[in-house]
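See structure below.
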Amino acid sequence: MVLDSQNMLQVIKDFPKQCREAFSLPKGISVSGEISNIVVLGMGGSAVGGDLLKIYLGNTNIPVFVNRDYKAPKFVNENSLVFAVSYSGNTEETLSAYQDAYGKNAKIIGITSGGKLADECEKVIKIPSGLQPRAALGYLFFPMIGVLHNTNIIRVKNDELNDMINTLKNTDKFNSEGEALAKKLKGKIPIIYASEALGAVAFRWKTQINENAKMAAFYNVFSEMNHNEIAGYKGMDRKFVAVLIRDKYDNERIKRRMDICKGIMEMTANVEEVQTKGDSLLARMFSAIYLGDFVSYYLALWNRVDPGPVEIIEQMKKKLVQ
Ligand code: F6R
């Protein structure tokens, strides 16, 4: 059996290049008129970019809503900017929510490599095909901030993009750190934690471990987990590994909570910590994501599964059309 039939390792390594290219894809594409909210329609790997957009726009006045359902949210109207994101362009929930948003006269931009979405949507940013959707996160996220930049809703500074690219450029280091951490997680059930502010990053780790390594993984955020999940550590066992994603800009009280929790968790489970790198928000988000992608890749190899194809997901989709 070819273990990496879709060359996922190379695709992961090329991620910084993908991000840079993706930012310039919406050249000249902008929207006009009032925008009172932004809605991202998508599922799975195509929705995660929306979660990251929500973090990224956290300091602006525009609310961002990520919609993983057959219908667009009720509040969508002609002043909503809707990104309909589907790598394949054929995901039924996204297509159905797109139709709903279209009926509400929203300003819609599709982001896809083809499929029905490319045919149906009037304004489309075409991204390269041939990747697993989850491996195309750069193509799925950066065109959105490119459009917002072109529309003068945000100003993405070159310094910020450069900080991110410079932070990610040490691919070998991310690769070897990822491999080393995967060794500690193999045969265990990871539970990934981050602050609420970086919750989407923890969620991305979980989903990458699920889809690349084909194994169970869970996630939660601080400080919500202090109010429920931490109680479960009384009955935990060493099959579980808590992975704490820490950020130098985490709220001081969150840092304190993580320190205290680490002590509690270590009594009954294994604990690993990782630190975001770089200074800008883009660098910190994507450095943790980049590391997590390598971790999930090496976990796949440890599990002796091909990291690329996700047969169970494909079977599910096929059964739904029968
Ligand atoms: C597969 C993957 C999935 C898909 C999801 C939606 O690599 O990541 O989570 O993203 O099934 O499909 P698309 O992205 O084509 O809309």
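The values are calculated or read from the model by the stated rules, or taken from the named source; none is laboratory data. In this text the structure is predicted, and so the values were computed from the model without any measurement. Cβ: placed from backbone, ideal geometry, glycine included. Neighbour counts: every protein chain shown. What goes into the accessible areas is simple: the full protein's heavy atoms, side chains included, and nothing from ligands, DNA or RNA. Shrake-Rupley method; radii C 1.70, N 1.55, O 1.52, S 1.80 Å.
Annotations
- Portion, in percent, of the accessible area of the stretch 234-297 that falls on carbon or sulfur, probe 1.4 Å: 51 percent
- 5 angstrom amide H check on residue 37, placed H, neighbours 5+ away: 81
- Heavy-atom accessible surface of the stretch 4-59: percent carbon and sulfur, 1.4 Å: 47 percent
- When nucleic acids and ligands are ignored and a 1.4 Å probe is applied, residue 154 ends up with an accessible area of around 20 Å².
- The equivalent ellipsoid that matches the C-alpha gyration tensor of the stretch 10-74 spans semi-axes of 24, 17, 12 angstrom, in descending order.
- Residue-normalised accessible area of the stretch 114-186, expressed per residue, 1.4 Å probe, Å²: 46 Å²
- Helical contribution to [θ] at 222 nm, DSSP H n ≥ 4, -39,500 (n - 2.57), averaged over the chain, rounded to 500: -14000 deg cm²/dmol
- Loop sites in the stretch 107-208: trypsin sites (Lys or Arg not before Pro), DSSP, at most 16 other Cβ within 10 Å: 123, 155, 157, 169, 186
- Sites counted here are chymotrypsin sites (Phe, Trp or Tyr not before Pro) in a DSSP loop (not H, G, I, E or B) having no more than 14 other Cβ atoms within 10 Å; the longest part of the chain that contains none of them is 76-248.
- Of all DSSP-defined beta bridges confined to the stretch 38-100, some 0% are antiparallel rather than parallel.
- Excluding exposed DSSP-loop GluC sites (Glu not before Pro) (at most 12 other C-beta within 10 Å), longest clean stretch of the chain: 123-322
- At least 30 Å along the helix axis (C-alpha) and Kyte average at least 0.5, DSSP helices within the chain: 281-302
- Think of each Lys and Arg Cβ as +1 and each Asp and Glu Cβ as -1; about the Cα centre, that makes the dipole of the chain roughly 380 debye.
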